[in-house]
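The values are calculated or read from the model by the stated rules, or taken from the named source; none is laboratory data. Because the structure is a prediction, the values reported are computed rather than measured. Neighbour counts are summed over all protein chains in view; Cβ atoms, including those assigned to glycine, are modelled from backbone coordinates with ideal geometry.
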Amino acid sequence: MPLFEYTARDGRGGAVTGRIESSSADAVASQLLNSGITPVHISEAVPRRDYLAELRRHLGSGRPNQDDLLLFCRQMYTLTKSGVPIVRGLTGLAESTRNAVLAESLQQIRTELEAGRDLSGAMAQHPKIFSPLMVSMVRVGESTGQLDEAFERLSRYLEQDRDTRSRIKTALRYPTIVLVFIAAAIGVVNVIVIPAFAKVFAGMGSDLPWQTKLLMALSDFSVAFWPHILMAIILTVLAVRSYVHTPAGRYRWDHMKLGLPIVGSIISRAILARFARTFAMTTRSGVPLIQALGVVARAVNNEYVSERVINMRSGVERGDTLTRTAAATGLFTPLILQMLSVGEETGRVEDMMDEVAGFYEREVEHELKSLTSAIEPILIVAVGILVLILALGVFLPMWDLTQLAG
């Protein structure tokens with residue numbers, strides 16, 4: 001409904017201004033008169049443009065994050081469980097949410113609901129915010145009359161996924177900070193420390209060791225061409241980011257992540273846990289198997305694994321069993337395939353997939369706990385090599401000078 005601005009007089013003749021959402025100006029006037037206020041001027045409010053919000057939407061920075069979607073699902077579960085009409089509930093959520101993009105999307109969804117569209121169809125019009133998994137779950141909830149359970153399962157799924165992501169980020173924070181400080185230290189040494197020692201070495205008048213000459217040459221190069229080095233680094237980062245955003249680049253990068261030393265196995269297990277958890281949730285909610293595999297393929301957020309899941313769907317469409325198609329992907333261990341086979345034989349695939357998800361999540365948690373202890377020796381060796389190079393390059397000439405003086 002449109003928003004109207006009004007100027008009016010109260011019972012004592014005082015000026016009153018405000019805004020009311022109503023169907024027409026006459027309806028606003030009637031509402032004001034019923035409240036004991038005499039309208040003087042009523043006009044439709046001109047929407048105020050939030051240029052900062054528009055810029056953030058254009059850059060993608062204002063897009064709702066996982067916490068916003070988790071809060072949305074929890075609130076929708078509470079509203080639908082309590083029997084609050086969806087249109088009224090979306091109005092309240094749009095007014096209370098802190099994310100401008102999500103609030104605008106909820107307003108548009110409410111308008112589409114008033115026009116007769118169902119909730120899942122309205123959410124599907126915003127693919128950058130609501131994933132195919134959320135849309136499919138809501139569609140099944142609408143068709144079965146269990147919309148509250150659909151939002152409850154989505155909130156549990158998002159919370160578990162958020163916790164896994166948070167644990168991975170926390171485990172990687174320490175080595176990332178150490179690597180950043182090592183890079184900063186190398187830059188400071190090259191640009192500030194070594195040039196200062198170079199002046200001292202120049203006055204010695206003796207032949208310098210090759211380690212010192214190498215360090216001085218690298219330092220001279222860094223000082224003379226640092227703008228070019230900085231520009232080359234920036235262009236390389238931009239080129240890599242652009243390539244990763246292409247379909248071929250995204251596929252290769254997603255495949256490469258799974259084979260990275262130390263962290264590759266953690267990423268792989270986390271993705272497979274998400275696959276199993278999503279598959280169990282969708283099938284338990286009543287999503288057909290073929291459609292569930294298509295939804296899961298888009299939910300794993302890894303193009304390489306997604307292609308394998310699509311191959312599983314193609315195999316099931318041809319009549320193969322789920323276990324056989326899963327084995328053909330090469331992603332799952334024999335233990336997991338055996339659990340999946342038991343689930344097919346007993347008709348409890350979703351329960352077995354929940355067990356698979358729990359198994360992978362425990363594996364991820366265990367590897368995250370040992371990640372720091374695995375990375376620390378590598379970092380210590382790297383720092384030791386850096387210190388050794390500096391010691392050989394800086395202190396050897398001083399040692400020679402001491403010997404000459406002696």
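Residue pairs whose Cβ atoms lie under 6 Å apart, sitting 6 or more positions apart in sequence or on different chains, and linking a residue in segment 72-99 that is in contact (Cβ under 8 Å) with a residue 12 or more places away in the chain to a partner that is acidic (Asp, Glu), are Tyr77/Asp148; Tyr77/Glu152; Thr80/Asp148; Lys81/Asp148; Asn99/Asp68. Can you name every residue in segment 281-328 that is outside any helix (DSSP H, G or I) and either surrounded by 17 or more Cβ atoms within 10 Å (Cβ to Cβ) or free of Cβ contacts under 8 Å to residues at least 60 places away in the same chain (or both)? Ser285, Val287, Pro288, Val300, Asn301, Asn302, Arg318, Gly319, Asp320, Thr321 - these are the residues of segment 281-328 that are outside any helix (DSSP H, G or I) and either surrounded by 17 or more Cβ atoms within 10 Å (Cβ to Cβ) or free of Cβ contacts under 8 Å to residues at least 60 places away in the same chain (or both). Taking the residues in segment 110-142 that are touching a residue at least 24 places away in the same chain (Cβ under 8 Å) and among the hydroxyl-bearing types (Ser, Thr, Tyr) as candidates, determine which candidate is surrounded by the most Cβ atoms within 10 Å (Cβ to Cβ). Residue satisfying both the conditions and the ranking: Ser136. I'd like to know if segment 144-159 contains one or more residues that are in contact (Cβ under 8 Å) with a residue 40 or more places away in the chain, part of a helix (DSSP H, G or I), more than 27 Å from the chain's Cα centre (by Cα) and closer than 30 Å to Asp354 by Cα. Looking through segment 144-159, at least one residue is in contact (Cβ under 8 Å) with a residue 40 or more places away in the chain, part of a helix (DSSP H, G or I), more than 27 Å from the chain's Cα centre (by Cα) and closer than 30 Å to Asp354 by Cα.
Residues in segment 213-266 that are of a type outside the set (S, T, N, Q), over 15 Å from Val191 (Cα atoms) and touching a residue at least 12 places away in the same chain (Cβ under 8 Å): Pro247, Arg250, Tyr251, Asp254, His255, Lys257, Leu258, Ile262, Val263, Ile266. Checking the stated criteria, Ile267 turns out not to satisfy the condition of being part of a helix (DSSP H, G or I), touching an Asp or Glu at 6+ places or on another chain (Cβ under 7 Å) and either of a type outside the set (Lys, Arg) or modelled with pLDDT of 90 or more (or both). No other residue among Glu307, Glu367, Glu361 is within 25 Å of the chain's Cα centre (by Cα) and modelled with pLDDT of 90 or more apart from Glu307. Looking only at segment 239-272, residues that are of a type in the set (A, V, I, L, M, F, W, C), surrounded by fewer than 13 Cβ atoms within 10 Å (Cβ to Cβ) and under 23 Å from Arg173 (Cα atoms) come to 3 in all. No other residue among Ile192, Ile186 is farther than 22 Å from Ala297 by Cα, over 37 Å from the mean Cα position of the chain (by Cα) and part of a helix (DSSP H, G or I) apart from Ile192.
Applying the set (1) modelled with pLDDT of 80 or more; (2) in contact with a helix residue (DSSP H, G or I) (Cβ under 7 Å, 6 or more places away or on another chain); (3) of a type outside the set (S, T, N, Q); (4) not in a loop (DSSP other than H, G, I, E, B) to Leu331 leaves exactly one unmet item: (4).
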